[in-house]
There are 2 protein chains.
Amino acid sequence: MPVRFDLISQGEELLAGQAVDTNAPWIAAKLQGVGLRPGRVTVVGDELAAIRELIAESAERAALVVCTGGLGPTSDDLTREAAAAAFGVPLVENEAALAQIAERYRSRNREMPFKNRVQALLPEGAELLENVNGTAPGFAVDTGRCLLFFFPGVPFEMKPMVERFVLERARARFGLHPRTNVILRCVGLAESVAAERMDGFERPGVVVGYRASFPEVQVKLHVDHGIDPASLITEAAARLGADHVFGVDSGSLAEVVGGLLRARGESVSTAESCTAGRIAAELTVSAGSSEYFVGGAVVYANEEKVRQCGVDPAVIAAYGAVSEPVARALAEGIRARTGSTWSLAVTGVAGPGGGSAEKPVGTVYFACAGPRGTVHRVMRFPYDRLRNLSATVATALDLLRTQLLAST
Amino acid sequence: MPVRFDLISQGEELLAGQAVDTNAPWIAAKLQGVGLRPGRVTVVGDELAAIRELIAESAERAALVVCTGGLGPTSDDLTREAAAAAFGVPLVENEAALAQIAERYRSRNREMPFKNRVQALLPEGAELLENVNGTAPGFAVDTGRCLLFFFPGVPFEMKPMVERFVLERARARFGLHPRTNVILRCVGLAESVAAERMDGFERPGVVVGYRASFPEVQVKLHVDHGIDPASLITEAAARLGADHVFGVDSGSLAEVVGGLLRARGESVSTAESCTAGRIAAELTVSAGSSEYFVGGAVVYANEEKVRQCGVDPAVIAAYGAVSEPVARALAEGIRARTGSTWSLAVTGVAGPGGGSAEKPVGTVYFACAGPRGTVHRVMRFPYDRLRNLSATVATALDLLRTQLLAST
């Protein structure tokens, strides 16, 4: 009999369709990872009776419940009160919670608004769970039959709390053997193609999952306790195509590229037309990126391509701004001017306007300049504007990654 | 007493966190638009008993239920059977449904696989609802107390069915008057501060909601039919501070800024150190941004600040790269070189490293150069690296917005 968990996502904006709930999928994946099975995921709005009933029902139905949202300081934050009512206990001010909230304000040199004091109220007998990233403390209630966790709805606050308070306790309480979960991170591969290539890979104790996080596709191997994942990883990577797998349980593509550059003591610069800074932004997501990223040019207007990267106006006139010669000239120009080891350049038609018969929306020219010369690639993406731009960023970074690997 | 709807999203991949449910938010927004109030949204997996129980419960709780998913031809598509069981009726083959499925295959010049015949089974007494974009017919069941709709989970198939079959029937059955929903979009204001300022604003027929979408805070007014929202908007904006409200039911901050620039025929360029292209990226989210955005410099390394924007190395040596004089020099340098009407520059310490006692992590200097000179601002953000960068982008755009408004 599998151990079931229920998730509750509280928030009128989720219920009303003004926001998409990403918390529940994230928590569900984590809990599945430690061996629990999902029962129901329910979204409920800002109504005391509705939240109270749902908490009470879930505590009867599931062995573990994680409820997110409704712990803020405003009058529509009702989860504390609803939980207390569901368990038939009063709300009481928790001194440690109050101290933590006050400390959070102190550390930001701000005065705690009186309103936030309400966040220190917990159902009597609940266990305080510290929120190190915000002012809303979490709490846990153990009914004997069911273990319930209550966390703020802000992902940045909730996620570390789930990792710190829920996973190990769930394993211990339900005697679960953790599965090993391996993530093969891929680019340049549609989810359906990845699934085709992995067809028939499953075997007793090995479950394959997929997650499309555009433009990346993650292939997940859930491996039962006692099976060594190493040869499975090799086999799966061979099926998917080694050139598509940029990392195994790794950071993002930009982090992988950054790690390669850092290890070699090399640097990169960027010249971006259609992506307008998105490649540079992605390269600087991680702290310490100044070790390998020097800067770059955002060359939206043609005059800027000429001014900042020395592209010959005659080349633009002859081939168009969206062309291989311009991509090459941008890459070589920015590399020469910044003195970086490598450079990446893109010029393309993100859409929805600006396409032509010869260069339809989604056409992007890439160039990567380096110590051994300049390589070029052209893609025609079939997406909308923002997805075309995301795919462009990933393709550019992957072009640099393959150049780095080829030149070791 | 508001008329309540419940939504059911069926699918193991949604429950397991392998996919995010976007159907329910879309349907919820549509139903709210015609004046229904949301009760619960529940995700349930591929288990007959679980789906049956949820359908039966929802039919008791809500006046209208929309259930998506589980109408495909495979063995894990259980919604038809679960619905029949929930209503205590048998599944019967619906001739019109079978004809529609066969027609769908014929129109694609394909033969209907035998296993698709199961899609023509409907609970006895259910009304067939045609699916013009796929092979899974929908159906409706009216229990008297509750009207239930069952649609396929593929958004492209489901959406036109909701628009064709649900909305007008709901209006007619429940005699609904739609509410007006107004969103005041704010920057530079914490959610708790916004809530404090709006304290006591609610009145009969007017409900206030909040949504934090960092670094933006949205204040929502839900106004009943018959009340004019205009004076409410003015009053709410005055409470929140007109300088914080960048739009009412508007696009993003960057879109508002872009709209102001476009209307004036003016342009902007950027010089970004810590944000490394994020301001330029945000300014180019919308198609047509080349009308007002010319390009910019990503000046991560100090040498790039000198080379690309002509910052005097002696100024960097004297004041540090993160300083007011450098922010001003970056803004003035990029404006002079690109010839844009306006420019935005930022230099700061995003963290987690790089802080000092005098300039701790989160310190950012902003400058906006324009026809009447250069204005400057300094902020000290208390967040982590990526949130400090998001707050920096919003603050920079808002600095330009206020300059544009002040110079009309």
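The values are calculated or read from the model by the stated rules, or taken from the named source; none is laboratory data. What you are looking at is a predicted structure, and each value in this text was computed from that prediction instead of being measured. Note that we place each Cβ from the backbone using ideal geometry, even for glycine, and neighbour counts take in every protein chain shown.
Some points to look at:
- Residue A:251 being out of contact with any His (no Cβ under 6 Å at 6 or more places or on another chain), more than 25 Å from residue B:16 (Cα to Cα) and surrounded by 14 or more Cβ atoms within 10 Å (Cβ to Cβ): no
- Helices (runs of 4 or more DSSP H) wholly inside region B:290-339 that include at least 3 residues being of a type in the set (D, E, K, R): B:302-309, B:324-338
- Filtered residue count, region B:242-287, keeping only those that are outside any helix (DSSP H, G or I), touching a residue at least 24 places away in the same chain (Cβ under 8 Å) and either among the hydroxyl-bearing types (Ser, Thr, Tyr) or within 13 Å of chain A (Cβ to nearest Cβ) (or both): 15
- Scanning region A:161-180 for residues that are surrounded by 14 or more Cβ atoms within 10 Å (Cβ to Cβ) and either within 20 Å of the chain's Cα centre (by Cα) or not in a loop (DSSP other than H, G, I, E, B) (or both) yields A:161, A:162, A:164, A:165, A:166, A:167, A:169, A:170, A:171, A:174, A:180.
- Of the residues making up region B:369-387, those that are under 30 Å from residue A:154 (Cα atoms) and in contact with a strand residue (DSSP E or B) (Cβ under 8 Å, 6 or more places away or on another chain) are B:377, B:378, B:379, B:380, B:381.
- The residues on offer are B:315, B:294, B:298, and the sole one that is in contact with a Pro (Cβ under 6 Å, 6 or more places away or on another chain) and either aromatic (Phe, Trp, Tyr) or under 30 Å from residue A:343 (Cα atoms) (or both) is B:315.
- Residue in region A:308-315 that is farther than 21 Å from residue A:356 by Cα, in contact with a helix residue (DSSP H, G or I) (Cβ under 7 Å, 6 or more places away or on another chain) and within 12 Å of chain B (Cβ to nearest Cβ) present: yes
- Of the residues making up region A:187-217, those that are loosely packed, with under 15 Cβ neighbours inside 10 Å and more than 22 Å from the chain's Cα centre (by Cα) number 7.
- Condition check for residue A:184 on (1) within 22 Å of the chain's Cα centre (by Cα); (2) at pLDDT below 95; (3) assigned to a strand (DSSP E or B): one failure, at (2).
- Boolean, residue A:58 is closer than 22 Å to residue B:55 by Cβ, of a type in the set (S, T, N, Q), more than 10 Å from chain B (Cβ to nearest Cβ) and crowded, with 18+ Cβ neighbours inside 10 Å: yes
- Screening the candidates A:331, A:350, A:406 for the property of being away from chain B (no Cβ under 12 Å), closer than 23 Å to residue B:284 by Cα and among the hydrophobic types (A, V, I, L, M, F, W, C) yields one hit, A:331.
- In region B:74-92, the residues that are at pLDDT 95 or above reach residues that are among the basic types (Lys, Arg) with C-beta atoms within less than 9 angstrom, at least six apart or across chains, in these pairs: B:81/B:52; B:82/B:52; B:83/B:52; B:84/B:52; B:85/B:52; B:86/B:52; B:91/B:80.
- In region A:140-155, the residues that are within 14 Å of residue A:10 (Cβ to Cβ) and free of Cβ contacts under 8 Å to residues at least 40 places away in the same chain: A:154
- Considering residues of region A:187-201 that are of a type in the set (D, E, K, R) and at pLDDT below 90 only, the residue nearest to residue A:395 (Cα to Cα): A:191
- Lone qualifier among B:44, B:65, B:92 - being at negative phi and within 9 Å of chain A (Cβ to nearest Cβ): B:44
- Any chance residue B:295 is under 29 Å from the mean Cα position of the chain (by Cα), on the phi > 0 side of the Ramachandran plot and without any contact (Cβ under 8 Å) to a residue 40 or more places away in the chain: no
- Flag if residue A:361 is over 22 Å from residue B:276 (Cβ atoms) and part of a strand (DSSP E or B): no
- Of all residues in region B:6-40 being more than 9 Å from chain A (Cβ to nearest Cβ) and crowded, with 24+ Cβ neighbours inside 10 Å, the one that is nearest to the chain's Cα centre (by Cα): B:23
- For region A:360-382, a residue qualifies if it is surrounded by fewer than 17 Cβ atoms within 10 Å (Cβ to Cβ) and more than 29 Å from residue A:338 (Cα to Cα), and the qualifying residues are A:360, A:380, A:382.
- The set of residues from region A:68-89 being of a type in the set (Val, Ile, Thr) and within 14 Å of chain B (Cβ to nearest Cβ) comprises A:68, A:74.
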